[in-house]
Amino acid sequence: MVTGIVFDIRTIEQYDEDILKISKERKIKTAQITDLGQSQLDTDITIDGSIDRLENIKNIDNSLIGVSYSILHHKFIHFNKVKKKYRKSVKNILVSLGGGVQYRQLRDLVDFLYRYNYNLKLTGGFYLKKSARKILKRIYPKIKFVGNVESLARPLYEADIAIITAGTTSYEAASVGTPALYFYYNKEQEYIADALESKGLGLKISSIKEIDKEKLKTYLDIPLKERTAMGEKGRQLNDGRGVYKIIDVFRKMGLIK
């Protein structure tokens, strides 16, 4: 017997509306996991784990809102608790430009950072072929790739700063206390980057299509005190237990057993 239905969708189709209608008729509890408050259904509870919202939450009284409800890998809970040491100056950088990063974009950024002798660790994207990685390693022999890992918890924790796109990885960086510099691909990510910066978790750079290298270098040289404050704010904001908080609420609602 169905006790509850959870909608985890970016775009609402007619059959989603139909399922919701049938659920209400049969008094089945419903929930929706949304992003930035977009594409909302009239469910019993709404979960929005983003830092802020482009759209207003319709059912504000029955909502779980904020980055503390972002769904992260369980390893982030461990690294959230481990005390992080912040270097006087940035040395280790994790570069994660999202699944859709193109070779040209990644090479342009690596080429700029490499000349300053940072220790660079990179994550590849969905479209970054093995041959492209080999080329990067040949041109820039000191760089490293993260490889096949369960999560970015440890690589993010070990980094002095993360250069990332403003999405899920930005919430992960906050959880382990690593300050971040944000790039964006679209208006949604730019909105998130602005919100993250306003909360003091990191700094927005520019669109990934037109990398503002002067701003990037300036921000990489920010004082230790500021970087430490960013990291600590992130750890306090997101303890990595979002999924457990959501499950607990679902159980209390009777959505799941």
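The values are calculated or read from the model by the stated rules, or taken from the named source; none is laboratory data. Source: prediction; values computed, not measured. Cβ: placed from backbone, ideal geometry, glycine included. Neighbour counts: every protein chain shown.
Structure data summary
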read-out: Odd one out for Q32, checked against (1) more than 19 Å from L196 (Cα to Cα); (2) in a helix (DSSP H, G or I); value: (2)
read-out: Filtered residue count, the stretch 97-145, keeping only those that are part of a loop (DSSP other than H, G, I, E, B), at pLDDT 95 or above and surrounded by 13 or more Cβ atoms within 10 Å (Cβ to Cβ); value: 3
read-out: Breaking point among (1) more than 19 Å from T169 (Cα to Cα); (2) assigned to a loop (DSSP other than H, G, I, E, B); (3) free of Cβ contacts under 8 Å to residues at least 40 places away in the same chain, for Y86; value: (3)
